[in-house]
Each structure stands twice: as C-alpha cells, then as structure tokens.
Amino acid sequence: MTNRSRRAVPAPAAAPCRITVCRGCCCGDPRKVPGVDHAGQIARLRAAVGDAARVRASECLDVCEQANVVVVQPSAAGRAAGGRPVWLGLVNDDDALADIAEWVRSGGPGVAEPPGVLDLYAFTASRRVGKGLEE
C-alpha cells in the first residue's frame, strides 16, 4: 500500500461521543409529547456538550413508546474501554438533557459513570432496533 492510497484515520482519542436524538414519527411530535420545545432540545444539547460529542437527529428509531429517545454512543476511547451505546427514553425535560451533557463531558459510556438519575431513563432496545445505530 502506498502512502497515497492510505486514508487519514482520526486518532482514537479524537473520536468523540455521538448523541443521536430521535425525531421520527413520535419523538419530536408535540401531539405525542406536548409541552416540550422539541426543536430547542437539540440546540440546547449541542450547546451543553460542546466539543465533547456530535449531536445528530435521526428518523424514527422504532421505540415510540419511549418518546423522546436519545442514544449516547461511546467515544473511541469509551468503546476501547468496553462502553456500548446507552438508550435513554422519556427524555422530555431540560434536567435530563443537563445530566446527559454532564456525563458526556465527563467521557460518556465506558469512560465515566452516568449520573444515577439517568438509570431512570435507560432502557434496552431490541437487537433489531439497536443494529440501526451500529457503526
């Protein structure tokens, strides 16, 4: 392989956590979850995590009963340490967003323990659903 054919691969420490916010059929829908600034959730989360994570919106993640759903995927360092994606449901208030942001800024899955309150939001997605977010 020549130097010319090699692709630049970011160093593992440089690959931050990723946060996927469902904005499909139910998540992000004021008819399903009224009283939440759904569009503002993503902007507030991006501002709160800064460079510690990339925040992206997704189409339906197929766990509508948990609206609004947020999935925190580990950084490269977190994955190397055994971290796996963490699915959080019913994320419908700014306190939950703040707890998620604090955890991610501390390193996220595999690196830092989540604030205990996030245990109330965590759920296990089916393998079929979870495969949709695998790298």
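Numbers at a glance
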quantity	calculated
Tally of residues being acidic (Asp, Glu) and surrounded by fewer than 15 Cβ atoms within 10 Å (Cβ to Cβ) across region 95-122	3
Given (1) buried (at least 16 other Cβ atoms within 10 Å of the Cβ); (2) touching a Lys or Arg at 6+ places or on another chain (Cβ under 7 Å), number of the condition Arg54 does not satisfy	(1)
Long-range neighbours under 6 Å by Cβ, at least six apart or interchain, first residue over 15 Å from Val91 (Cβ atoms) within region 31-57, second among the aliphatic types (A, V, I, L, M)	Ala52/Val104
Tally of residues being of a type outside the set (Lys, Arg) and loosely packed, with under 15 Cβ neighbours inside 10 Å across region 63-93	5
Among residues of region 59-100, those that are in contact (Cβ under 8 Å) with a residue 60 or more places away in the chain, part of a loop (DSSP other than H, G, I, E, B) and of a type in the set (S, T, N, Q), counted	1
Filter result for Val49 (under 14 Å from Ala96 (Cβ atoms), out of contact with any strand residue (DSSP E or B) (no Cβ under 8 Å at 6 or more places or on another chain) and of a type in the set (A, V, I, L, M, F, W, C))	no
Qualifying residue in region 13-20 (condition: surrounded by 14 or more Cβ atoms within 10 Å (Cβ to Cβ), in contact (Cβ under 8 Å) with a residue 24 or more places away in the chain and within 19 Å of Leu120 (Cα to Cα))	yes
Any chance Asp99 is at pLDDT 95 or above and acidic (Asp, Glu)	yes
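The values are calculated or read from the model by the stated rules, or taken from the named source; none is laboratory data. Because the structure is predicted, anything quoted here is derived from the model rather than measured. Don't worry about glycine lacking a Cβ; one is built from the backbone with ideal geometry, like all the others, and counts go over all protein chains shown.
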